[in-house]
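Here the structure is laid out as structure tokens; the discussion comes afterwards.
The values are calculated or read from the model by the stated rules, or taken from the named source; none is laboratory data. Please read these numbers as outputs of a predicted model, since none were measured by experiment. A quick note on method: Cβ atoms are made from the backbone with ideal geometry, for glycine too, and the neighbour counts reach across all protein chains shown. With ligands, DNA and RNA removed, areas are computed over all heavy atoms of the protein, side chains included. Shrake-Rupley method; radii C 1.70, N 1.55, O 1.52, S 1.80 Å.
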Amino acid sequence: MDPLTLDASRLRRLQLAGIASGFAAGAWLGAAEAPTKMVTLGLSPVVISLTMVLGVFLARWSLPALLRGTAAIGADVRQAPHLVVWAILAGCLWAVANTLTVFAIRDIGLSIAFPLWNANSLLGILWGAVFFNELRGAGWSRRLGVLGGAVLMCVGATLLAIASSAGAAGGHSARGVAAALAAGALWGTMYIPYRKAYLTGMNPLAFVTFFTVGEVGMMTALGLTDRGGLGPLVTELAGARDVLFWLLLGGFVWVVGDLFQQYAAKYIGISRGIPLSNTNQLWGLAWGLLVFGELRGRSAATLGQVIGGSLLMALGAAAIALASATGTEHRRWQEAAEREGSRYGIDPAYVRAALAGQTGATTPGRRTWLDWTLVGGATAVFIGFAAIARVPSLSVSWGWVVVLVAALAVLLVSTGLLLWRTTRFN
């Protein structure tokens, strides 16, 4: 058998795991932005983003330690040390993009801003095809599915941009639209390091631990600059200590969604995985409309544009995702993986095993004292902030919160089991 050929049944199972991960990512990423509604309480968008990044930091080190162990993560890094630099760069891009989304939500609302920054799907398609051989050898029907889906997403984004002029929260619709689109551009570019990492064999749970170094470093620099130094920043954080738990929790929820997104990017590529995870726009719409009552009292035309635009973008994402990779296209992915592996001097057997979702040389081992210290420390921080937290004075429909949280739990358990059975989280 050609060493580049992956068994057809194995390829189907990996793609099913990737598709399920994309859907789960959409749900959890959509839920993660809900805490940014704290901007209505007067907190600085930069402080909100910084606090969420601290929650992200806790999650990105504790969850990989719990699921796989730091020993396996260290083994991955020794195989491909160059990817640490790419991971930190991706984290820096994420931090700036996340801060822009907070400004966008403040100016045009969650349900409108979400689909606009999801224009990152278009960049994901472009970079996947240009750099990583995605869509090459896919056939015209699958290429048409991806390109047709992209057109639908553009139409949907246009409807939402028009609706934003009627739905802006402070007369700053143009600024909000610009912030959302800029966030999408940064996130779209961030997926290049993602794909480089997974083509050359790094496990998603290893990649994200170093990703967060860039996030924290960049966000700390932005926070210090925006607030005018360490003293004012600490003072604002201390003054908001009774609501910081919700922002930390938002960061934690985002990491769960991002982990699923990482597995989607690994097993179905960024040209398909990113649009599929961008179904978070519908979850963002659900949280915005059902839980927070956004657009309540607005005209029927505005509501129609928001809902219609979101549905069009979701249909476009679905068309892209359903244009699954064929064996021929997957071989082109493997050629890109061999090219990346040769460039950085990585063991070819390690690259092939990781691309096929197999353990290779970095199997999870027994948890060490360091693993349990990371998990216990993160848990203690969350418990400590939860003990002093108060429920924000926002108009919230708690019944819908229960329904949406239950849906998140179902997707977490079902997709997590599928990934474990198919790849052992590799």
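Values for this structure:
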{"item": "Residue check, G251 open to solvent by less than 10 Å² (accessible area, probe 1.4 Å), among the small types (G, A, S) and closer than 30 Å to L83 by Cα", "result": "yes"}
{"item": "Residues (closer than 12 Å to L248 by Cβ and open to solvent by 80 Å² or more (accessible area, probe 1.4 Å)) located in the range 369-387", "result": "I383"}
{"item": "Helices (runs of 4 or more DSSP H) contained entirely in the range 205-323, each with at least 3 residues that are at pLDDT 85 or above", "result": "230-239, 244-268"}
{"item": "Failed item in (1) open to solvent by 30 Å² or more (accessible area, probe 1.4 Å); (2) farther than 30 Å from C154 by Cβ, with L93 passing the rest", "result": "(2)"}
{"item": "Enumerated helices (runs of 4 or more DSSP H) restricted to the range 26-108, each holding at least 3 residues that are under 23 Å from L411 (Cβ atoms) and at pLDDT below 85", "result": "83-108"}
{"item": "Positions within the range 185-210 being surrounded by 24 or more Cβ atoms within 10 Å (Cβ to Cβ) and closer than 19 Å to I48 by Cβ, in sequence order", "result": "W187"}
{"item": "Restricting the range 302-342 to residues that are of a type in the set (D, E, K, R) and touching a Gly at 6+ places or on another chain (Cβ under 6 Å), the residue that is least open to solvent (accessible area, probe 1.4 Å)", "result": "E329"}
{"item": "Which listed residue, of V256, V213, V234, is of a type in the set (V, I, T) and either surrounded by 18 or more Cβ atoms within 10 Å (Cβ to Cβ) or touching a Pro at 6+ places or on another chain (Cβ under 9 Å) (or both)", "result": "V256"}
{"item": "Odd one out for A354, checked against (1) out of contact with any helix residue (DSSP H, G or I) (no Cβ under 7 Å at 6 or more places or on another chain); (2) open to solvent by 60 Å² or more (accessible area, probe 1.4 Å); (3) touching a residue at least 24 places away in the same chain (Cβ under 8 Å)", "result": "(2)"}
{"item": "Lone unmet requirement of (1) in contact with a Gly (Cβ under 9 Å, 6 or more places away or on another chain); (2) assigned to a helix (DSSP H, G or I); (3) open to solvent by 10 Å² or more (accessible area, probe 1.4 Å); (4) modelled with pLDDT under 85 for S9", "result": "(1)"}
